[in-house]
Each structure stands twice: as C-alpha cells, then as structure tokens.
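The values are calculated or read from the model by the stated rules, or taken from the named source; none is laboratory data. The shown structure was predicted, so the numbers you read here are calculated from the model rather than taken from an experiment. In this analysis, Cβ positions are derived from the backbone assuming ideal geometry, glycine residues included, and neighbour counts consider all displayed protein chains. Note: areas computed on protein heavy atoms with side chains; ligands, DNA, RNA excluded. Shrake-Rupley method; radii C 1.70, N 1.55, O 1.52, S 1.80 Å.
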Amino acid sequence: MRLSYTKALNRALTDALAADPAVCVFGEDIGAGLAGPTLNLLDRFGPGRIVDTPLSEQAFTSMAIGAALTGRRPVIEFQIPSLLFLVFEQLVNQAHKFSLMTGGQASVPLTCLVPGSGSRDGWAGQHSDHPYGLFAHAGVKTVVPATPTDAYGLLRSAIADPDPVVVFAPAAALPVRETVTWELAPIPLGRARIHREGTDVTVVAVGHLVHDALAVAEELAPEVSVEVFDPRTLHPFDWTALAASLERTGRLVVIDDSNRSCGIGAEILATAAEEMRLLAPPRRITRPDGTVLPFAPALDRALQPHRDQLRDAVLAVTKQRIPAPPHGEDRGR
C-alpha cells in the first residue's frame, strides 16, 4: 500500500486508541481533523476520548498532565510548533520531572504531537520554529521522524512510553509517501536508522532533511560514497550507532533545520569531536544564528538549509584531513 506521512500519524493514533482504553487525545480542532492526524477519530471513539479543546494551550496541557497522573495516556496535538513555548514550563518543569522527583512513584505518560513543525511557505515568524533542541537539552524524550513508517512506529512507541515524549512531524515531511509491504509496528525510541550505507562521509540529517541528504548522496555517488544517518530520536540519541558509522567513514556533516547556536547540530559535532573517530573537521548546515523566518517565501527558503549547502559541505569535508600532531605528542590529551 501507499502510505502518506499524515495518514501514518492518523493510523498510529487510531491503532493506539483501539488497543488501549487509557489513550485519549486533546487539542484544538481535532474533532474536525483539521491538521490531518486526528481525522475521523471523534466519530469512531467519541467525545469522551477525543476532546476538542478551547484555544488555551496552557489549560489543556495542564488537563492532560493531570489525566496522565491519574492513569490515562493522553496525546496533545499542537497545531503549530511555537505553541510549545507557551507550555514549556508545564512540560519541562512539571511533566518531565514528576517521575524523577517522586522516585518513580508518579509517571506522566504524555505525548505531544506537532504535525507541521518547521517552515510552511508564508507561515512567518510565529509559526515556523523547530525547537526540538530545547526539549533534547532539557532531557525530554524528543522524536523527529522522516518517513511515514517511522512516523507510525515512533508515535506508537511514544504513546506507550511511561515518560513525556514530544514528536515533531516536520511540515516538509508531511507530503512524503512510502510504499509499505510489511505490517506496521512500533519502533523503539533511541535507535537511529541508516537510510543509505557509505564509506567516505556520514551525513546526519534530522527529519525531512533525510530526503535531501538521500538526493545529494545519489547525485554525488559517482565520486563520493555518502552514508545517510537518521537519528530519529534526538533524546536519547543513538551515539553508539553514530560512532559505528564514523568508524566506517571518518568524516561527518550534519544538516539540521534549526538555529545554529546551541542547536542539536552543534551537540552532534561536539560529541563526535570529543569521543569518535574523525579524519577531518566536521561541518554543520543549519539556519543562521537567531533566525526568525520571514513571511516572504523567497526569504523564508533562503534561511533554511538546502541541498546546495549540503553538497558543498560533503565535497569539502572529503578533501580535508586533520593534521597529524607533532612527533611525540598525543593529540587530544
């Protein structure tokens, strides 16, 4: 069958609701399925489990946290990523810490789904953020699927997880379709995926940028063997898989659709430089520092990472080597 990314999210919610009566969904316009993932859920499962909320993210996030503390498994659909800033305190300082501060006596199995994170043409500054790095920094389980099957499997695992999980579904990934010839199943959090094996350079691509990385890898195949590495989960990150990839390639490029300073791309480069095998200085491609995407589509696209930047970075890093330390010195000590 042909499965779209949005339909995969819808099917994951449907299957989770059918399998576990504790699962419920909160959000704005979810009864009408306005964003896509909640389409037809109200008709099938009723208003007791599909709760169409008023326009107050702080109110229904608090309600969902309370429901989770009493044994439910709520899913909150946030229509735009910037709404997470409104409820950051509730998610990070309350929901995330309940289990830790009670010695495991309380748990908050809450899933936050953001269908349409990042840029959509012309959605402007308050609708185009990709703040997954903030949640990874705080230690909240953070997921960014790139494909429909991963969207299904990771959302199912997020809903079943005992801790809060934020699932970012990039707007640029929503149109992706995939031919599926196997049974859809949950995918464990914290496991990366190699979409294409290579021997010359590892490209770590986050979310929808996996598809750009695959296109560039195919274009450069006659001259460079590119391994495309999809972390899928940004926290906990699969550092073991990245180390294994770099053992094969020795070179690293990261492409990440969030702001440069303090972003997940910076963390990947820093950890690789500290702990892994690198033959050349690593590179990252991100939005510029402090980016607020503008309304004008041409300016919006100019500030996002793109394939030309990735192609140039891959070619540059394959031509570089880290200088050998002077005789008698042990580099890095």
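Compute for region 147-235: radius of gyration divided by Kirkwood radius, i.e. Rg/Rh, restricted to C-alpha atoms, rounded to two decimals. Each step should come with its number before you reach the end.
Values: Rg = 14.1 Å, Rh = 14.1 Å.
Reported Rg/Rh (Cα atoms, Kirkwood Rh): 1.00.
If you average 1/r over all unlike Cα pairs in region 125-192 and invert the result, what Kirkwood radius do you get in angstrom?
This gives a value of 13.0 Å.
Can you give the angle from 0 to 90° between the axis of helix 5-19 and the longest principal axis of the chain, with both taken from C-alpha atoms, to the nearest 10?
Rounded to the nearest ten degrees, it is 50.
Just to confirm a number: summing +1 for Lys and Arg and -1 for Asp and Glu over residues other than Ile50 whose beta-carbon lies under 11 angstrom from that of Ile50, what do you get? Present the calculation step by step, with values, prior to reporting the outcome.
Details: positive: Arg44, Arg49; negative: Asp43, Asp52, Glu77.
Cβ neighbours under 11 Å give a net charge of -1.
Could you check how much of the accessible area of region 186-333 is carbon and sulfur, as a whole percent, using a 1.4 Å probe?
So the carbon and sulfur contribution to the accessible surface is 50 percent.
Can you sort Lys97, Lys7, Lys319, Lys141 by 1.4 Å-probe accessible area, starting with the largest? Display every interim value, and only then the final one.
Details: Lys97 70, Lys7 110, Lys319 165, Lys141 45 Å².
In descending accessible area the options line up as Lys319, Lys7, Lys97, Lys141.
Roughly how many whole Å is it from the C-alpha centroid of region 98-147 to that of region 153-228?
Between the Cα centres of region 98-147 and region 153-228 lies a distance of 17 Å.
After finding the eigenvalues of the alpha carbon gyration tensor for region 202-333, what semi-axes result from the square roots of 5 times each, listed largest first in whole Å? Write out the running numbers ahead of the final one.
Numbers: eigenvalues 137, 57, 44 Å².
Each semi-axis is the square root of five times an eigenvalue, giving 26, 17, 15 Å.
Calculate the dipole size of the chain relative to its Cα centre from +1 charges on Lys and Arg beta carbons and -1 charges on Asp and Glu beta carbons; express the result in debye to the nearest 20. Let's see the in-between values first.
Working: 30 positive and 37 negative charges, 55 e Å.
The dipole magnitude comes to about 260 debye.
What residues have an amide H closer than 5 Å to that of Leu113, excluding those fewer than 5 places away on the same chain, when H is modeled at 1.01 Å from N in the peptide plane?
Distant-sequence amide H within range of Leu113: Ile76, Glu77, Phe78, Val167.
For region 204-219, take each phi angle, set θ = phi - 60°, evaluate the Karplus expression 6.51 cos²θ - 1.76 cosθ + 1.60, and give the result in whole Hz per residue in order, putting x for glycine and proline.
Values, residue by residue: 8, 10, 9, x, 4, 5, 4, 5, 5, 5, 5, 5, 5, 4, 5, 4 Hz.
Give the cross-link partners of Lys97 among the lysines, using a straight C-alpha distance below 25 Å as the criterion and excluding same-chain residues fewer than 8 apart.
Lys141
I need the Kirkwood Rh of the chain: take the reciprocal of the average 1/r across all distinct C-alpha pairs and report it in angstrom. Mind showing how you got there, number by number?
Details: mean 1/r = 0.0487 Å⁻¹.
That comes to 20.5 Å for the chain.
Leaving out ligands and nucleic acids, and using a 1.4 Å probe, what accessible area per residue does the chain come to in Å²? Spell out each step's value before the answer.
Values: 14420 Å² over 333 residues.
Each residue of the chain exposes 43 Å² on average to a 1.4 Å probe.
Cβ neighbours within 10 Å, averaged per peptide: list 175-188, 16-29, 252-265 in order, most packed at the top.
252-265, 16-29, 175-188
Quick check: convex hull over the Cα atoms of region 1-141, volume per residue in Å³, rounded to an integer?
Each residue corresponds to 125 Å³ of Cα convex hull volume.
Can you find, among Ala221, Ile255, Ile268, the residue farthest towards the positive end of the dipole of region 189-333? Put +1 on the C-beta of Lys and Arg, -1 on that of Asp and Glu.
Ile268
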